[in-house]
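Read through the structure below, which is laid out as structure tokens, and then see the notes.
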Amino acid sequence: MHSELAALRQEMISLRALVESLAGAKASRPPVGPPPLPKGPPPVVFSSPPPPPGTTPRRAKVRTSTEVAVGQKWFLGIGVFVLLLAAGFFLKYAFDEKWIGPATQVTLGFIFGALLFIAGEICRRRKLRGLDIALAAVGLGILYLSVYAANQIYALIPDPLTIFVVLLVSAVGLSVAAVWDSRLLAVLAFLGGYLAPVLDTAGRSGHLLFFGCLAIINLAGEGLAFLKRWTQLYFLGALFSWVLLFIFWGSLRSESSIDAFAFIQFLFLLYSIAPFLRSLLRAAEERIPLIWVAVLNGWLCCWKSDELLHSAKLPISLLTLAYGCLALAVAIIVWRRGSTRARTWLLVQGMIYFLIAWTVIFSTNWITFFWAAQCVACYWVAQEARDRILLRGTILLGLVTIFRFLIFDFVLSGFDQSQQTTRFMDGLLSRWITGLPVCLLLLTVAWFAFRAAKDPLQRTVFRWFEIFGLIGLFGFLNAELERFTWEFFQRAQLSAYSVLWVLCAAVLLVSGFIWNRRFYRITAIALLFITVGKVLVFDTAEVAAPYRILSCAVLGGVLIGLSALYYRLSPRLLASTPPGSVKAEHRPQPRSEIEPTG
């Protein structure tokens, strides 16, 4: 009815337009008939109401039956498997009775494997899903076994030709997998290809043939993983490459070390750099497959390269610096294209390689110095890129830096009195040049984060690096004091610690008053209580009388001075703290409490 009414309305509109055109033609002549009809309101077109949301028509589900599925597919698959089993028994019997020679056996294996691929294609065209992949997988296995028998059992073909045939079979399997869009068939083809250097050559082939075979298979796997987005091939390629490399490593001779080194660099480019280049070819793609594989592969490349270079400092440092520069260069290129995840993880890789480079190049103290400098650089890059992952990584790097600083550089080495074989002045300049700047660099990151503290993550970075810097500075001063008193004033060690702790607490408390930092004041109070306990428990019992008097006098005088400071600035502190009620905030106070006299 709605459609018929709309058709009638359309006819009325056309008739009205025809009448108006005729009336306009007659208007040029003197009017003879009655005036034209007045124009009516525009017609209203009725349309059927839209269907309510959530009532979109659904396709009727195709009804399936378990009985039909079993009868159609299961019986067919089991029947084909039983026929293959019967053919295998027949061939084994024929081989045992020597009806067929070795060459004929291998030839029949190749023919039978090819026929299974053809049968799989027929099943695919007839839409027998599952059976086509099964036939092709069996055919692929028969082809690989035929190559193995021809090389290992009967010695019919040499090793180079074996490698070529294996690569040819792998290429056929990968091509069929790409056309049929079968991930399982691609994995099976790669498994046969990666096991070929072990099964088919048995260590007799040269290292060039071994590395060449692995390089070709890796390139094919990376290309297919990129085209089809099959991340399993990316993972399997890295896994089997390193497994075969570890197997081959024991038989590695000195003349093949250069080729092994070149192959390791090839693996670095293929699995640590190349996966991130997909963001250059596909600008909209943000998902990077298996990032941890790229990081682990880079670490293995550094490790094995170090073994091949016999831990020589200069070559290893140049190699790790080259790794870091390459990762940062690709990160900059990807950054300009706008891919955030690829940029982030390339920057992370570059930072890790630089950390390894500093560890190789410099000595103990300078390693920590460059790690702290890298904290500043990492924070600056993260701030420029507005990358929250890099900001969290900066916190982690700062934690590792302060741990190394306290454990390996100053504090524990300073407190280990059994190793005090050097004098205080030995290495003093080096310790202060490297130790004090580490604390200042950590505090620099805290200052940068404080200036940009507009979101919770920036405030978190500020708090963490502020703690890192203060703890590092406190530990550095204690370690230097321990070295000094061990050489010159061993009897005054405990008292010296008490004096230093009291002075540090006083500086923190005054800084907390100046910058209105409650964290500083609470930390200073806690340190003062710890110092009081130390003086009462240890200094008064184990320290000689002059030093006992000194520690008590300094501690008491500082406590009295800080108490007077609290009395003087208490109105300011109370005004800065939120009051319990609004009336208490505006309650008038005596002049003596607000403005002290004198």
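Selection over the range 98-157 of residues that are closer than 20 Å to residue 190 by Cα and among the aromatic types (Phe, Trp, Tyr) gives a count of 4. Comparison of 457, 481, 477 shows that the only residue that is surrounded by fewer than 20 Cβ atoms within 10 Å (Cβ to Cβ), at pLDDT below 85, out of contact with any Gly (no Cβ under 8 Å at 6 or more places or on another chain) and among the aliphatic types (A, V, I, L, M) is 481.
Conditions tested, residue by residue: (1) modelled with pLDDT of 70 or more; (2) closer than 30 Å to residue 207 by Cβ; (3) surrounded by fewer than 15 Cβ atoms within 10 Å (Cβ to Cβ).
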site	(1), (2), (3)
80	no, no, no
103	yes, no, yes
108	yes, no, no
111	yes, no, yes
115	yes, no, yes
124	yes, no, no
137	yes, no, no
145	yes, yes, no
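Just to be sure before I move on: is residue 461 closer than 16 Å to residue 396 by Cβ and either of a type in the set (Phe, Trp, Tyr) or under 30 Å from the mean Cα position of the chain (by Cα) (or both) in the structure I sent? In short, yes.
Here's the yes/no breakdown for (1) in a helix (DSSP H, G or I); (2) assigned by TED's automatic domain parsing to the domain that holds residue 144; (3) at pLDDT 85 or above:
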| residue | (1), (2), (3) |
| --- | --- |
| 172 | yes, yes, no |
| 178 | yes, yes, no |
| 187 | yes, yes, no |
| 208 | yes, yes, no |
| 218 | yes, yes, no |
| 245 | yes, yes, no |
| 259 | yes, no, no |
| 262 | yes, no, yes |
| 268 | yes, no, yes |
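Among residues of the range 326-348 that are more than 19 Å from residue 268 (Cβ to Cβ), those with a beta-carbon under 8 Å from a residue that is crowded, with 20+ Cβ neighbours inside 10 Å and polar (S, T, N, Q) at least six positions away or on a different chain give the pairs 337/279; 339/279; 341/279.
The values are calculated or read from the model by the stated rules, or taken from the named source; none is laboratory data. Not measured: the values here are computed from a predicted model. Note: ideal-geometry Cβ built from the backbone for every residue, glycine included; neighbour counts use all protein chains shown.
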